[in-house]
Amino acid sequence: MLAWLKEFKEFALRGNMVDLAVGIIIGAAFSKAVNSLVTDIVMPPIGLLLGGVDFSALSIKLNWPGSPGNPVEIRYGAFINTLIDLLILSGAIFLVIKMMNSLHKKQEVLPNTKECPECLMSIPLKAKKCGHCCSPITSENKI
């Protein structure tokens with residue numbers, strides 16, 4: 001039993017697992033913030049521009065004649081809000097990833113080898129003689 005707990009502890013406290021947990025928690029909080037942005041800030045002005053429409057209240061009620069119970073409601077307004085959430089969230093994630101990629105600029109890798117003009121084998125840049133064909137590398141035949 002103790003071996004199992006020790007193995008579980010090693011698994012749970014691995015660096016990738018903790019990073020994943022932090023990412024999920026931050027993602028959930030970010031999703032709530034974007035949802036509030038769409039529902040409370042973006043959609044009311046759009047609804048006002050479209051004649052005072054409250055998107056969250058838009059729905060279609062389906063009721064079959066002669067069927068007992070409450071009608072089925074298709075809330076397409078909530079779906080529109082969710083699509084706008086998705087667009088804003090996708091755009092924000094794109095911008096964050098683009099910003100992170102720009103911080104990790106690729107460093108230009110300078111070559112540390114050159115080709116021998118005689119045998120075309122790879123040799124160090126500072127070589128004065130080819131290690132493969134033994135031909136001297138002079139300033140006339142340097143690349």
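The values are calculated or read from the model by the stated rules, or taken from the named source; none is laboratory data. Computed from a prediction, not measured in an experiment: that's the story for all the values here. Backbone-built Cβ (ideal geometry, glycine too); neighbour counts: all protein chains shown. The accessibility values were calculated without ligands, DNA or RNA, using every heavy atom of the protein model including side chains. Shrake-Rupley method; radii C 1.70, N 1.55, O 1.52, S 1.80 Å.
Remarks
- Solvent exposure of the stretch 53-106 amounts to 85 Å² per residue of accessible area, where only protein heavy atoms count and the probe is 1.4 Å.
- Accessible surface of R14 - all protein chains present, 1.4 Å probe, nearest 10 Å²: 130
- For the chain, the longest principal axis of the alpha carbon atoms and the long axis of helix 2-12 meet at an angle near 90°.
- Charge tally for A78 (other residues, Cβ to Cβ under 15 Å; Lys, Arg +1; Asp, Glu -1): -2.
- Sorting 48-56, 115-123 by their mean Cβ neighbour count within 10 Å, with the most densely packed peptide first, gives 115-123, 48-56.
- Rh by Kirkwood over Cα pairs, then Stokes-Einstein D for the stretch 54-108 at 1.567 mPa s and 4 °C, µm²/s: 88
- Highest-fluctuation residue, S102, S59, S67 considered, GNM on the chain with Cα pairs under 10 Å: S67
- Most mobile listed residue (F30, F11, F94) in the chain, GNM with C-alpha springs under 10 Å: F11
- Considering only A127, A57, A78, the mean-square fluctuation computed in a Gaussian network model of the chain, springs between alpha carbons under 10 angstrom, is largest for A127.
- In the stretch 1-52, inverting the average of 1/r over every pair of distinct C-alpha atoms gives 14.2 Å as the Kirkwood radius.
- Rg over Rh, two decimals, the chain (C-alpha only, Kirkwood Rh): 1.40
- Whole-percent carbon and sulfur share, accessible surface of the chain, 1.4 Å: 67
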